[in-house]
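S.K.: Let me begin by handing over the structure; questions about it come next.
Nothing in this text is a laboratory measurement; each read-out follows from the coordinates by a stated rule. Keep in mind that what you see is a predicted model, and the values were worked out from it rather than measured. As a convention, Cβ positions derive from the backbone with ideal geometry for all residues, glycine included, and neighbour counts pool all protein chains shown.
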Amino acid sequence: MRDLSSVLALLPVAVLLALSWGMARQLGHPRGWMGRRWMSRMLNDANRTMLDAAVEAVDARSGECIVDVGFGGGHTLERLRPIVAPRRPVGIEISEAMVDAARERWGDAVETHLADVVSLPLADASADGVISVNTLYFWPDPAAALREIRRVLRPGGRLVLGVRRPGMMRLVPITWFGFRLRSAARVQDLLRAAGFDVRVVEKVQGELTFVARVA
Ligand SMILES: C[S@@+](CC[C@H](N)C(=O)[O-])C[C@H]1O[C@@H](n2cnc3c(N)ncnc32)[C@H](O)[C@@H]1O
């Protein structure tokens, strides 16, 4: 009887860890019905402040080519549409569910590609700006990813990289499963090594926005 009560006492912890594992998988690569219907809305709501800050920081103009790598629910694409018109914003995603949801929502009004950040389907120096928010944690080779982003940016082009502070993130059990958390100094080193000039914009609520220009 005592054994059973010890097992039952651990149940909430096991449930918490199982839910955190499932959520971490969805955040890194939304899949299926849950990805399409639920994650896209949840990501837009949970990350709205960071996404708005990124759109502001990329400082887009009419007719510019602005790309969001790992656009998730696509809040940035919605915000960018009237700003870059008559051009269309460009969204890159490794998740089929996110690309499907974006195509269902915007049709051809947004240019979407199913692709990995390390192999972008864009020509050299073809983009004026790139946004990528809450994605760096999931890139196994961030140096290769940043070099690839630099390749598609024109000279003087802007990269806006949004991440949450690792200290705060480590307290959330979801990040114990597959997240690669990097300090602000490490992110700046990676950006400089990829050939960017870097400025850091610190925001409230544990967010960091790096604004980097092709050096
Ligand atoms: C936590 S979500 C963030 C979505 C959105 N940027 C936001 O902040 O709400 C991470 C997104 O990055 C995408 N992603 C992860 N690894 C990627 C990669 N290697 N190339 C392109 N997209 C990737 C995932 O599919 C997922 O939609």
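S.K.: Let me spell out the model: positive unit charges on the Cβ of Lys and Arg, negative unit charges on the Cβ of Asp and Glu, origin at the Cα centre of the stretch 2-214. What dipole size does that give, in debye rounded to 20?
M.R.: The dipole of the stretch 2-214 has a size of about 360 debye.
S.K.: Can you list residues whose amide H is under 5 Å from Gly157's amide H, if they're 5+ apart or on another chain and H is modeled 1.01 Å from N?
M.R.: Amide H neighbours of Gly157, under 5 Å, 5+ apart: Val214.
S.K.: Relative contact order (percent) for the stretch 2-214, with alpha-carbon contacts under 8 angstrom and 6 or more residues of separation?
M.R.: Values: 384 pairs, mean separation 41.9, N = 213.
After rounding, I find 20 percent.
S.K.: Next question, about the same structure. When the chain is fully extended, how far beyond the present Cα-Cα distance does Ser183 get from Met169, taking 0.36 nm per residue of separation?
M.R.: Values: separation 14, 0.36 × 14 = 5.04 nm, distance 1.10 nm.
Here the segment from Ser183 to Met169 would lengthen by 3.9 nm.
S.K.: Order of 153-164, 11-22 by packing, highest average Cβ count within 10 Å first?
M.R.: In decreasing order of mean packing, 153-164, 11-22 become 153-164, 11-22.
S.K.: Right, here's the next one. To the nearest 10 degrees, how steeply does helix 184-193 sit against the main Cα axis of the chain, on a 0 to 90 scale?
M.R.: It works out to around 40 degrees.
S.K.: Still on this structure, I have one more. Enter the angle in degrees (range 0 to 90, nearest 10) between the Cα long axis of helix 75-84 and the first principal axis of the Cα atoms of the chain, meaning the one along which they spread out most.
M.R.: In the chain, helix 75-84 runs at an angle near 10 degrees to the longest axis.
S.K.: Gap in Å between the Cα centre of the stretch 77-91 and the Cα centre of the stretch 27-67?
M.R.: The distance from the Cα centre of the stretch 27-67 to that of the stretch 77-91 comes to 13 Å.
S.K.: If you don't mind, there's one more thing I want to ask. Could you work out how far helix 2-28 tilts from the main Cα principal axis of the chain, as a 0 to 90 degree angle to the nearest 10?
M.R.: Orientation of helix 2-28: about 10 degrees from the principal axis.
S.K.: What percentages make up the Cα-Cα pair-distance distribution of the stretch 2-214 when the bins are 5 Å wide from 0?
M.R.: Answer for the stretch 2-214: a P(r) of 1, 7, 15, 19, 20, 16, 9, 5, 3, 2, 1, 1, 0, 0 percent.
S.K.: With θ taken as phi - 60° and the coefficients 6.51, -1.76 and 1.60, list the Karplus ³J(HN,Hα) couplings across the stretch 33-42 in order, rounded to whole Hz; mark glycine and proline as x.
M.R.: Karplus-based 3J(HN,Hα) across the stretch 33-42 equals 4, 4, x, 5, 8, 9, 5, 4, 5, 4 Hz.
S.K.: Using θ = phi - 60° and the Karplus relation 6.51 cos²θ - 1.76 cosθ + 1.60, list the HN-Hα couplings for the stretch 101-112 in order, rounded to whole Hz, with x at every Gly or Pro.
M.R.: 4, 5, 5, 5, 7, 10, x, 8, 5, 10, 8, 10
S.K.: Here's a follow-up. In whole Hz, what ³J(HN,Hα) sequence does the stretch 157-170 give by Karplus (6.51, -1.76, 1.60; θ = phi - 60°), x for Gly and Pro?
M.R.: Once θ is set to phi - 60°, the couplings for the stretch 157-170 become x, 10, 10, 10, 10, x, 9, 9, 4, x, x, 6, 4, 4 Hz.
S.K.: Name the residue from Ala9, Gly206, Met98 whose Cα lies farthest towards the positive end of the charge dipole of the stretch 2-214, charges +1 on Cβ of Lys and Arg and -1 on Cβ of Asp and Glu.
M.R.: Most positive-ward Cα: Ala9.
S.K.: Which far-off residues, 5 or more places away or on another chain, put their amide H under 5 Å from the one on Val201, with H placed in the peptide plane?
M.R.: Answer set, sorted by chain and number: Thr209, Phe210, Val211.
S.K.: Just want the answer: with Cβ charges of +1 for Lys and Arg and -1 for Asp and Glu, which residue in Val110, Gly32, Ser126 is farthest toward the dipole's positive end in the stretch 2-214?
M.R.: Gly32
S.K.: Amide H to amide H under 5 Å from Ile131: which residues, 5+ apart in sequence or cross-chain, H placed 1.01 Å off N in plane?
M.R.: Val67, Asp68, Val69, Val160
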